[in-house]
Each structure stands twice: as structure tokens, then as C-alpha cells.
Amino acid sequence: MAIILQTVLILSIISAVLALALTFADKYIADYGEVELKINDQDPMVVPGGSSLLTTLRDNKIFIPSACGGKGSCGYCKCQVLEGGGPVLATELPWLSKEELDNNTRLSCQVKVKNDIKIQIPEELFNVKEYDVVVDSIEDVTDKIKKIRWKLPEGESITFKPGQYIQIMAPQYDGGEDFEGSDEEVYRAYSIASSARDHGYIENFIGYTQGICSTYVHKVMKEGDIVNMNGPYGDFYYQEDDGGPILLIGAGTGMAPLLSLLYHIRDNKITRKVRMYFGARTPDDLFALEEMKMFEEEIADFKFLPTLSRTTPEMNWTGDTGRVTDSVEKYVEEGGGDWTAYLCGSPRMIESIIESLTAKGITEDRIYYDAF
């Protein structure tokens with residue numbers, strides 16, 4: 001026993017010494033001093049060297065989407081690095097196409113700021129802001145999905161396009177009887193469900209997936225808590241009105257951006273024909289039904305058409321059954337080239353629906369989607 005304890009003590013001392021050495025090396029030996037960061041055509045800013053490009057940008061209140069906390073495992077934090085980024089790392093290659101590599105696209109979390117560096121980012125990212133929001137309300141809409149309403153700080157507002165998303169940060173938290181804790185801060189993206197006219201509040205539907213952030217929201221977070229949020233992001237949003245009919249197709253928490261699109265159509269008194277097909281398992285998995293009823297009353301030509309995949313006679317369900325793709329096949333007319341479609345759901349569902357819609361004559365340039 002004494003030998004075991006002595007071994008454990010020695011290993012602990014070695015680990016502590018190595019950790020101290022790494023900290024010293026990072027602070028002193030790998031001190032890159034100050035470097036210039038030039039973004040687009042703006043004047044260069046002087047920043048400390050040594051951190052990742054993603055962290056350096058975030059420290060200067062410039063936010064690029066990232067769902068993995070800078071681990072190189074989500075592929076969201078792409079930007080063009082025109083000068084000073086060093087060679088492309090092996091950790092980046094799985095996320096970058098040949099076209100992106102040829103275009104100097106990099107994962108900002110994997111690029112270390114060691115020298116003067118020049119990058120290009122979409123102009124809309126300069127509109128992304130960081131907020132410390134208050135959890136205004138938490139509502140269980142199904143047994144696995146919560147509707148969260150966040151209140152922005154007094155005097156602050158957010159401007160977004162219907163269909164876009166925000167990121168929230170799950171802080172470190174302790175575990176409980178039925179879930180594990182987390183010793184890291186993690187950002188996750190969630191589509192906005194509320195009206196773009198409601199600048200002081202944001203609403204999301206957040207499903208429970210046993211991930212770090214969904215566990216925090218479902219098991220730890222409570223009303224009145226303050227949570228860090230940044231946004232808006234995304235190129236999935238309502239397109240210019242060409243007068244043609246609109247298809248909205250989704251499942252699960254894919255309801256969120258479609259709901260925001262419907263608020264936009266209602267708020268702006270858009271008179272286009274709108275049909276929404278939504279997939280769920282059972283009647284208990286349907287939600288936002290009061291909102292759907294309101295939209296049917298307040299939008300000029302709107303119908304909500306849910307499809308359930310796991311019904312029993314005891315449920316007395318009289319609507320469509322099967323998958324939401326079955327409803328698309330059943331109801332969307334052939335030769336529907338004037339439709340504009342917005343899809344939100346799993347990649348497999350979206351791939352199947354795109355195949356069905358293009359077969360019916362809707363061209364891919366009129367199909368917009370958000371896969372998660």
C-alpha cells in the first residue's frame with residue numbers, strides 16, 4: 001500500500017511540474033508580443049499574439065459562429081485568412097472543401113495569431129453583438145422541448161432577419177442525480193422563434209439531446225439566471241417577396257425559424273399563399289398550436305398541415321400519417337416552379353425533401369434550408 005501511495009504521489013508531482021512548465025512556456029517562451037490584425041478593408045488593430053484567431057476576434061467583440069468551443073470539431077468558424085495564418089493544419093482538412101482551400105478559407109479556432117495577419121469576414125458579422133440576457137421564462141412545450149424566452153439588458157436591442165439564429169453559452173456546472181456536470185464553457189446555436197419586431201426579447205425552442213448545453217438548459221438553468229448570448233448569425237432567412245407561394249417544411253425544433261418567418265409574413269401583411277408541413281411522432285409532440293391557429297386567422301392564405309409518424313387508434317388522430325416527406329409528395333403540385341421553400345430539420349429529412357421538391361419542378365435556387 002505504501003508503494004502505491006508513493007507512486008501516486010510521484011505521478012501527481014510530475015503532472016503538477018509539467019502543467020507548471022507548460023503554463024510558463026505559454027506565457028514566456030511562446031510570447032509573440034503584439035501583432036497587427038487587419039480585417040477586410042478596415043485599419044489594422046493591435047492585438048496580443050499567441051491566442052487562436054477565434055479567441056482573438058472574440059476578445060475584440062467580433063464574433064464568428066462556433067459550436068464546439070474552439071476544438072475544431074464543428075467546422076462553423078470559417079473565414080478567409082489572406083496573410084499570416086501559417087500552413088493549413090490536419091485538424092482543418094476534414095472541414096474544408098478544395099474550393100475553400102483554394103480560396104484561403106480556414107477554421108479560425110485552429111489558426112494561431114503569431115504574426116501580423118490579414119483576414120476577410122462577411123460584413124454582417126460586424127452586426128453581431130454579445131448580450132448578458134435574463135431567463136425570462138421557461139415553458140415545457142413537449143416532454144423533450146422547452147421554450148425559452150430571454151430578456152435583453154435594459155436599453156439594448158437585437159436586430160435580426162427572420163430565420164437566423166443566436167448562440168448561447170453554457171457555463172461550467174455541477175452534475176446531478178441523472179446528469180453529468182461540465183467543467184468547460186460551451187457555445188451552441190439555436191434558431192430564433194420570435195418576431196423580428198420584438199427587439200427586446202428572444203425566444204428559442206431547445207430540445208434535450210443530453211449534450212452539454214441542452215443539459216444545462218433542461219437540468220440546471222432556471223428563471224432569473226443571466227446567460228451569455230451572441231448573434232444574430234446565419235444565411236437562412238426570408239427572401240425578397242416575389243409574390244409566389246411559400247412552402248414551410250420542418251420537424252421538431254425546426255419549428256423555431258419557421259415560426260419567425262410566419263411572424264414576418266403576418267407583421268408585414270404579406271398576402272402570398274403559405275402552406276406549412278410539419279412532422280412529429282404523436283399528438284403530444286405537436287406544439288405552437290395556438291400560434292398556428294392565430295396565423296391561420298391573421299395571414300391571408302395560410303394552412304398548417306401536421307403529419308404524425310407514430311399514431312395508434314387510441315389517439316383518435318384524424319390528420320395525415322407517415323413522414324412529413326409523404327405529405328410533401330401528396331400535396332405539393334407537379335410543375336410548382338413558382339414556389340419558394342424553406343426547410344428546417346435533420347440533414348436526411350432535408351435531403352429527401354429537396355429531392356421531392358425538385359422532382360415536382362421547384363428549382364434548387366428557390367429552396368432554402370437550415371440543417372441541424
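The values are calculated or read from the model by the stated rules, or taken from the named source; none is laboratory data. The structure presented is a predicted model; accordingly, all values stated were derived computationally and were not measured. Virtual Cβ from ideal backbone geometry, glycine too; neighbours counted across all protein chains shown. Just the protein is used for accessible areas: all its heavy atoms, side chains included, with ligands, DNA and RNA removed. Shrake-Rupley method; radii C 1.70, N 1.55, O 1.52, S 1.80 Å.
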### Task
Once you have the Cα-Cα distance between Asp183 and Met315, take 0.36 nm times their residue separation minus that, and quote the gain in nm to one decimal.
43.2 nm
#### Entry: segment 36-163: translational diffusion in µm²/s, Stokes-Einstein, Kirkwood Rh over Cα pairs, 20 °C, 1.002 mPa s
129
### Message
Rounded to whole Å, give me the distance from the Cα center of segment 183-223 to that of segment 59-118.
### Response
26
### Task
Count charges around Gly70 for me, please; just the other residues with Cβ under 14 Å from its Cβ, Lys/Arg as +1, Asp/Glu as -1.
+2
### Query
Taking a 1.4 Å probe, which of Tyr76, Tyr190 shows the most accessible area, and what order do the others take after it?
Tyr76, Tyr190
### Query
In degrees between 0 and 90, to the nearest 10, how far off the longest principal axis of the chain does helix 289-298 point, with axes built from Cα atoms?
60
### Message
Could you give the length gained by full extension between Leu125 and Lys360, i.e. 0.36 nm per residue of separation minus their alpha carbon distance, to one decimal place?
### Response
81.0 nm
## Note on the structure
When the charge dipole of segment 161-215 is computed with +1 at the Cβ of Lys and Arg and -1 at the Cβ of Asp and Glu, the Cα pointing farthest to the positive end, of Ala170, Asn204, Ser194, is that of Ser194
### Summary
Toy charge model, Lys and Arg Cβ at +1, Asp and Glu Cβ at -1: the chain dipole around Cα centroid in debye, rounded to 20, equals 420
### Query
So which cysteines in the chain don't have a second cysteine's C-beta under 4.7 Å from them?
Cys77, Cys79, Cys109, Cys213, Cys344
### Task
Determine the alpha carbon to alpha carbon distance for each of Lys71/Lys222; Lys112/Lys219; Lys114/Lys219; Lys293/Lys330; Lys161/Lys293; Lys38/Lys146 and list only those over 30 Å.
Lys112/Lys219; Lys114/Lys219; Lys38/Lys146
### Task
Find the relative contact order for segment 118-185 and round it to a whole percent, using C-alpha pairs within less than 8 Å whose residues are 6+ positions apart.
19
### Message
With equal scatterers on the alpha carbons only and no solvent term, can you work out the Debye log10 of I(q)/I(0) for segment 125-273 at 0.16 1/Å?
### Response
-0.87
### Residue of Thr311, Thr55, Thr253 that the Gaussian network model of the chain assigns the largest fluctuation, springs spanning Cα pairs under 10 Å
Thr311
### Task
Would you work out what percent of the accessible area of segment 35-184, with all protein chains in place, is carbon or sulfur (probe 1.4 Å)?
44
### Kirkwood hydrodynamic radius of the chain, Cα pairs, Å
23.2
#### Entry: Average Cα contact separation per residue, the chain, under 8 Å, 6 or more apart, as relative contact order %
12
### Message
With viscosity set to 0.890 mPa s at 25 °C, what whole-number translational diffusion coefficient in µm²/s follows for segment 229-318 from Stokes-Einstein and a Kirkwood radius over Cα pairs?
### Response
171
### Query
What is the Å³ per residue value for the convex hull set by the Cα atoms of segment 100-141?
198
### Task
Averaging sequence separations of C-alpha pairs under 8 Å and six or more residues apart, then dividing by the length of segment 306-371, give the relative contact order as a whole percent.
31
### Query
Summing -39500 (n - 2.57) over the DSSP H runs of n ≥ 4 in the chain and dividing by its residue number, what mean residue ellipticity at 222 nm do you reach, to the nearest 500 deg cm²/dmol?
-6500 deg cm²/dmol
### Task
With both partners inside the chain, how many of the DSSP beta bridges are antiparallel, as a percent to the nearest 5?
60
